[in-house]
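The values are calculated or read from the model by the stated rules, or taken from the named source; none is laboratory data. These figures come from a predicted structure and were not determined experimentally. Every residue, glycine as well, gets a Cβ built from its backbone with ideal geometry; the counts of neighbours run over all protein chains shown. Areas reflect the complete protein model, heavy atoms only, side chains present, ligands, DNA and RNA absent. Shrake-Rupley method; radii C 1.70, N 1.55, O 1.52, S 1.80 Å.
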Amino acid sequence: MNERIAPAEAGVEPVSLLQAFWFWLKLGLISFGGPAGQISIMHQELVERRRWISERRFLHALNYCMLLPGPEAQQLATYIGWLMHRTWGGVIAGGLFVLPSLFILIALSWVYIAFGDVPLVAGIFYGIKPAVTAIVLQAAYRIGSRALKNNWLWAIAAASFVAIFALNVPFPLIVLGAALLGYIGGRLLPAQFSIGGGHASSDKSFGPALIDDDTPPPAHARFSALHLAKIAAIGAALWLLPMGLLIWLYGWDGTLTQMAWFFTKAALLTFGGAYAVLPYVYQGAIGHYAWLTPTQMIDGLALGETTPGPLIMVVAFVAFVGAYVQQVFGPEQVFLAGAVAATLVTWFTFLPSFLFILAGGPLVESTHGELKFTAPLTGITAAVVGVILNLALFFGYHVLWPQGFSGSFDWPSALIALAAAVALLKFKRGVIETIAACALVGLLVHLGLNGS
């Protein structure tokens with residue numbers, strides 16, 4: 001299991017699995033800033049400084065991860081870990097990208113649900129909620145400015161917004177429709193739909209790398225039908241065994257069983273990053289299952305933004321709150337219920353990501369040319385802009401009119417949201433510092449409004 005790729009050039013030291021373990025653990029603890037920030041950290045560390053992998057091979061792997069549903073930064077870590085140290089290398093790299101975030105979110109979710117009514121905590125979240133609305137709006141702008149390069153893609157984005165906002169079309173159908181339009185567009189108008197991956201190849205070099213441009217794939221990275229069948233069988237068992245146990249213990253309609261099934265589906269729909277799947281999560285978790293309220297969803301997104309790891313880890317918060325409030329283990333074991341639920345949905349959310357890499361990696365390594373069939377992703381990415389804009393409006397409504405349109409307009413929240421949007425979009429401030437500043441302002445306003 002500790003197989004290593006030979007150095008491409010003299011002077012590039014081989015990397016042991018233990019050395020890689022400590023790096024991936026460090027990455028899991030400092031991976032703030034969403035996928036863009038996380039990919040940037042990996043590029044700086046692995047390509048520029050440590051030279052574990054060349055620029056071209058790094059971007060080749062990233063192109064593949066961009067085509068997959070799931071968090072691309074976590075999948076990229078899994079891919080590089082697998083390429084360097086076989087299956088265990090990939091499992092360690094991807095697992096350590098997620099585990100620190102899971103433990104932190106379980107602790108923060110418990111503080112939130114148990115002490116959320118304490119004035120100090122309530123005041124902090126009063127300021128964070130408008131900031132989150134601005135952050136989601138920034139995500140729509142950031143993805144839109146990169147993805148909507150022509151009128152065809154603008155039309156797909158507009159259609160997806162109308163579909164989810166006015167017609168309440170389920171998110172999976174929007175994804176499928178956008179993929180179909182992208183596929184047709186790629187056949188009929190290839191120049192208009194050729195920007196899908198968003199990450200071109202590069203001729204930039206930072207010196208010889210351990211996995212260099214001309215380093216041949218190691219034995220474990222060569223395609224084998226037997227290996228593919230083995231990974232598929234193991235993946236099926238890793239999904240079926242816990243799901244079967246949940247059905248046996250709680251039945252198909254049990255809360256934990258339904259969470260496992262719902263987030264398995266969510267894991268297969270996260271094209272375009274976590275913000276793309278959030279509309280599906282709120283449609284199901286809030287509208288269908290009522291595991292949490294819209295306000296709690298906004299607070300959970302804020303916690304996800306301020307912890308390391310993939311933003312899709314907000315699913316752990318959703319599961320914790322749902323199981324805690326519904327007391328699935330009884331009133332005496334609410335924390336245990338929340339922690340188990342958070343761990344379960346993390347398993348079911350990320351299992352497909354590992355399988356996509358371990359099964360598909362050898363196929364990707366069989367060619368170092370540009371990946372084909374990105375046109376459906378181009379269509380999906382355009383549609384994602386529309387659904388994220390809808391998400392921003394959804395959050396904005398619940399923040400600015402907390403009692404509904406019949407209630408009063410929350411002017412302090414509106415001013416905080418506006419200030420956060422200006423900080424993010426005009427002054428390019430970071431998400432963490434923006435949330436921290438808004439939390440402080442919200443605390444002061446909340447305590448002032450309540451006469452504390």
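Which longest uninterrupted range of the chain lacks any GluC sites (Glu not before Pro) assigned by DSSP to a loop state (not H, G, I, E or B) and surrounded by at most 15 other Cβ atoms within 10 Å?
Free of exposed loop sites, the longest segment is 10-369.
Determine, from the Cβ-Cβ distance of N151 and L176 and an R0 of 25 Å, the FRET efficiency 1/(1 + (r/R0)^6), rounded to the nearest 0.05.
So, using R0 = 25 Å, E works out to roughly 0.65.
What is the magnitude of the charge dipole of the range 41-111 about its Cα centre, with +1 placed on the Cβ of each Lys and Arg, -1 on the Cβ of each Asp and Glu, and no other charges, expressed in debye to the nearest 20?
Once rounded to the nearest 20, the dipole reads 240 debye.
How many nm is it between the label spots at S406 and N168, if each spot is 7 Å from the Cα in line with the beta carbon?
1.8 nm
Using a 7 Å offset from the Cα along the Cα-to-Cβ direction at both S40 and K26, what is the distance between the two label points in nm, to one decimal?
Going by the 7 Å Cα→Cβ label model, 1.9 nm.
Subtracting the Cα-Cα distance from 0.36 nm times the residue separation, let me have the gained length for T343 to Y250 in nm, one decimal.
31.8 nm
Calculate how steeply helix 171-188 sits against the longest principal axis of the alpha-carbon atoms of the chain, using the helix alpha-carbon long axis, and give the answer as 0 to 90 degrees to the nearest 10.
Approximately 40 degrees, to the nearest ten.
Starting from the Cα gyration tensor of the chain, take the square roots of the eigenvalues, sort them a ≥ b ≥ c, and report rounded, prolate or oblate (rounded when a/c is under 1.5, otherwise prolate if a/b is larger than b/c, else oblate).
prolate
Test of understanding: what is the full-extension gain from S224 to T295, defined as 0.36 nm times their sequence separation minus their Cα-Cα distance?
Taking S224 through T295 to full extension adds about 20.7 nm, to one decimal.
Classify the range 279-437: rounded, prolate or oblate, from the alpha-carbon gyration tensor (a ≥ b ≥ c, eigenvalue square roots; a/c under 1.5 rounded; otherwise prolate if a/b is larger than b/c)?
Because a/c hits 1.5 or more and a/b fails to exceed b/c, the range 279-437 counts as oblate.
Are any of the pairs K26/K426; K129/K428; K129/K265; K230/K265; K129/K426 more than 30 Å apart by Cα-Cα distance, and if so, which?
K26/K426, as the Cα separations exceed 30 Å there.
Find the accessible area per residue for the chain; the probe is 1.4 Å, ligands and nucleic acids are left out, and the unit is Å².
About 43 Å² of surface per residue is accessible.
Within the chain, what whole-number % of the accessible surface is contributed by carbon and sulfur, with the 1.4 Å probe and all protein chains included in the calculation?
On the chain, the fraction of accessible area on carbon and sulfur atoms equals 68 percent.
So how do 408-416, 20-28, 339-347, 384-392 stack up, highest first, on mean other-Cβ count within 10 Å?
Highest mean packing first, the order is 384-392, 339-347, 20-28, 408-416.
Over the chain, what is the relative contact order in whole percent, taking alpha-carbon pairs under 8 Å and six or more residues apart?
Value for the chain: 32 percent.
Any idea what angle helix 375-400 forms with the longest principal axis of the chain, computed on alpha-carbon atoms, 0 to 90 degrees, nearest 10?
Long axis of 375-400 versus the principal axis of the chain: about 20 degrees.
Using Cα atoms only, what is the angle between the long axis of helix 431-449 and the major principal axis of the chain, expressed in degrees (0 to 90) to the nearest 10?
With both axes taken from Cα atoms, the answer is about 10 degrees.
What shape does the range 63-213 take by its C-alpha gyration tensor, where a ≥ b ≥ c are the square roots of the eigenvalues and a/c under 1.5 counts as rounded, a/b above b/c as prolate, and the rest as oblate?
oblate
Which one of L99, A114, H60 is farthest out on the positive end of the charge dipole of the range 44-122, using unit charges on Cβ (Lys, Arg +1; Asp, Glu -1) and the Cα centre as origin?
Checking the options against the dipole of the range 44-122, the answer is H60.
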